[in-house]
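Trainee: First the structure, then my questions, so here it is.
The values are calculated or read from the model by the stated rules, or taken from the named source; none is laboratory data. Model, not experiment: these values are computed from the prediction. Counting neighbours? That spans all protein chains shown, and the Cβs are built from the backbone with ideal geometry, glycine included. Accessible surface is based on the protein model in full, side chains and every heavy atom, while ligands, DNA and RNA are left aside. Shrake-Rupley method; radii C 1.70, N 1.55, O 1.52, S 1.80 Å.
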Amino acid sequence: MSATLELHRLAMPLVRPFRTSKGEETVRDVLVASWTGADGVTGWAESAADPEPTYFPEYIDGVRLTIERVLLPLLAEASAEPLTSAALRAAFAEVPGNPLARGLLETAVLDAELRRHGMPMADFLGSLRRPIRVGVSVGIPGDVDTLLSWVGGYLQDGYRRVKLKIQPGWDLEPVRAVRQAFGDELPLQVDANQAYTPADIPLLSRLDEFGLVLIEQPFARHELLGHAKLAARRGTPVCLDESVLSLDDAMTAIRLGAADVINIKPSRVGGYLTSRQIHDVCLANGVPVFCGGTLETAVGRAANLALAALPGFTLPGDISATSRYYAADIGPAFELDAEGCLTAPSGPGNGVEVDRDAVEEFTVESTTFTI
Ligand code: MG
């Protein structure tokens, strides 16, 4: 095979620190891949991996090592020239786990493949190419007054749905304050990032009075039975995020009654093809989905918008405008339209023309592999 893979580790300054129950970020340390096939066409992809395995079990150095030591040697034996996403999936069929590493490579190869054929990713996925209602995910500030000023600012910016990060000691009070300040009509939801246990079900039940759209991942990712117990109350709808790393996970969660809603993060489940499969299963079972986010650059944001236009994505996604996170990006900025929506680019692949100068400017480490 004659192809080149470049892994760029970027340090992207955030316009505002982002704090969740898992820690705080001021700079997005992000891994971006570019794959150039035998025909010279380049595709791009972005990983959601963090520098440490605090959120996903995989992390940046682990993803890089898995790609170098495990995945690229498998691709060397793939026969398709230039490589296709189907050939890549066949080559990785026996690799257990490692969805972030597999998904990064698969997405870059898929992007190159679609650009080669002049096909937008939304069309390939079967999306409707519609404007996507998007919401904002609000980190945990130091106090309620700061939270209210942030939320007020985001609503002025045009966001139509607000997601508050919560954790023990920061739950009922901030939710009550936001409800009182901005009214019952505001679509409001919370995300605990696994910070509670099923012993907290009585406490979490008190959130029901606030008319939330959903509560996302209150318990540890393996706690499907705990989530099913919470969902069985038929109070605030229960959404799974970290629990769903694969199509099998999604099907099991649905069968157990553990998920009223699923947050699909393409990077976490191994890419956009698996994301589409999870969407299809959820749609067939009447489980609404939305597209999660991890402070994406233009590359990840564009692909997420293409996915989020599939018909089952009936809830606003965590796909903010670029300015929510970055003053400068590696591709064109995405801005909300007058309806508070974003639309996937219409060009081939993810549709983003990557600014290579910006990539160079933000790169702190880069590695090139020839396959
Ligand atoms: Mg989440």
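Trainee: Taking the full set of protein chains and a 1.4 angstrom probe, give the accessible area of His222 in square angstrom, rounded to the nearest 10.
Mentor: Result for His222: roughly 150 Å² accessible.
Trainee: Which angle between 0 and 90 degrees, to the nearest 10, do you get for helix 99-117 versus the longest principal axis of the chain when only C-alpha atoms count?
Mentor: Rounded to the nearest ten degrees, it is 60.
Trainee: State the answer as a single residue: which of Ala250, Leu188, Leu336 lies farthest towards the positive end of the charge dipole of segment 123-342, with beta carbon charges of +1 for Lys and Arg and -1 for Asp and Glu, about the Cα centre.
Mentor: So the residue we want is Ala250.
Trainee: Connecting C-alpha atoms closer than 10 Å in a GNM of the chain, tell me which of Pro13, Pro168, Pro288 has the biggest fluctuation.
Mentor: With Cα springs under 10 Å in the chain, the top fluctuation among Pro13, Pro168, Pro288 is at Pro168.
Trainee: Give the total of Lys-Lys pairs in the chain with Cα-Cα distances below 21 Å; include a pair only if its members are 8 or more places apart or on different chains.
Mentor: The number of close lysine pairs in the chain is 5.
Trainee: Mind ordering 332-342, 83-93 by average Cβ neighbours within 10 Å, highest first?
Mentor: 83-93, 332-342
Trainee: Right, another one. As I understand it, the value is the acute angle between the Cα axis of helix 272-284 and the longest principal axis of the Cα atoms of the chain; what does it come to in degrees, rounded to 10?
Mentor: On a 0 to 90 degree scale, this one is about 40.
Trainee: Enter the angle in degrees (range 0 to 90, nearest 10) between the Cα long axis of helix 172-182 and the first principal axis of the Cα atoms of the chain, meaning the one along which they spread out most.
Mentor: In the chain, helix 172-182 runs at an angle near 90 degrees to the longest axis.
Trainee: With contacts defined as alpha carbon pairs under 8 Å and 6 or more residues apart, what's the relative contact order of the chain in percent?
Mentor: With pairs under 8 Å counted, the relative contact order is 22 percent.
Trainee: Calculate, for Thr54 and Phe369, the FRET efficiency according to 1/(1 + (r/R0)^6) with r their C-beta to C-beta distance and R0 25 Å; round to the nearest 0.05.
Mentor: 0.35
Trainee: If Phe290, Phe369 are ordered by their accessible area, calculated over protein heavy atoms with a 1.4 Å probe, which sequence runs from highest to lowest?
Mentor: Ranking Phe290, Phe369 by accessible area, largest first, yields Phe369, Phe290.
Trainee: Show me the ranking of peptides 205-218, 41-54 by mean Cβ neighbours inside 10 Å, starting with the highest.
Mentor: 41-54, 205-218
Trainee: Per residue, what accessible area does the chain have, given a 1.4 Å probe and all protein chains present, in Å²?
Mentor: 38
Trainee: Along each of its three principal axes, how wide is the spread of alpha-carbon positions in the chain, in whole angstrom units, largest first?
Mentor: 59, 41, 36
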